[in-house]
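Peer 1: Here it is, the structure, as structure tokens.
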Amino acid sequence: MVHEVGHALGLPHDARRSDLYFMGDGFRNFQRLYARDITEEHKPTFSVENGRILGRSRFLTGNVELFDLRRPSAEMKIEGSLSTESISVTVNLKLRDNAG
């Protein structure tokens, strides 16, 4: 049920740790949820990335712009190039959304 509610809140599948993440591959080994000897590090959870999505869900927070239908944009410019003499480059990143 947690897996399907996650979808209803906008979460995608996250199969990187299907044994641990609620949004894994159909959440196999469901009985582990009820194991008495489960350790803290093996308790089912959401991935950090899915947690971030939930943190911005229009269903769970009050400060989301409901009428912002424009996609954000990203522009990246790399200055310089890597070589045997230079091991760094400058990266300029310009991000925009409806607010600027």
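The values are calculated or read from the model by the stated rules, or taken from the named source; none is laboratory data. Note that the structure is a prediction, hence the values are computed from the model and not measured. All Cβ positions, even for glycine, are placed from backbone atoms using ideal geometry, and neighbour counts span all protein chains on display. Surface areas here come from the heavy atoms of the whole protein model, side chains and all, with no ligands, DNA or RNA. Shrake-Rupley method; radii C 1.70, N 1.55, O 1.52, S 1.80 Å.
Peer 1: Mean separation of Cα pairs under 8 Å and 6+ residues apart, divided by the residue count of the chain: what relative contact order is that in percent?
Peer 2: With pairs under 8 Å counted, the relative contact order is 18 percent.
Peer 1: Please list I38, I78 from largest to smallest accessible area, probe radius 1.4 Å, with all protein chains kept in place.
Peer 2: I78, I38
Peer 1: Just to compare against my own numbers: the Cα pair-distance distribution for the chain, 5 Å bins, whole % per bin, please.
Peer 2: Per 5 Å bin, starting at 0, the Cα pair percentages come out as 2, 10, 14, 14, 12, 11, 11, 10, 8, 5, 2, 0.
Peer 1: Taking the full set of protein chains and a 1.4 angstrom probe, give the accessible area of R96 in square angstrom, rounded to the nearest 10.
Peer 2: Counting only protein heavy atoms, R96 exposes about 110 Å² to solvent.
Peer 1: Further, regarding this structure: Roll a 1.4 Å probe over the protein chains and send me the accessible area per residue for the chain in Å².
Peer 2: 83
Peer 1: Using a 7 Å offset from Cα along Cα-Cβ at A99, what residues in region 42-76 end up with backbone N under 12 Å from the label point?
Peer 2: In region 42-76, the label zone of A99 (backbone N under 12 Å from the point 7 Å along Cα→Cβ) covers 63-66, 68.
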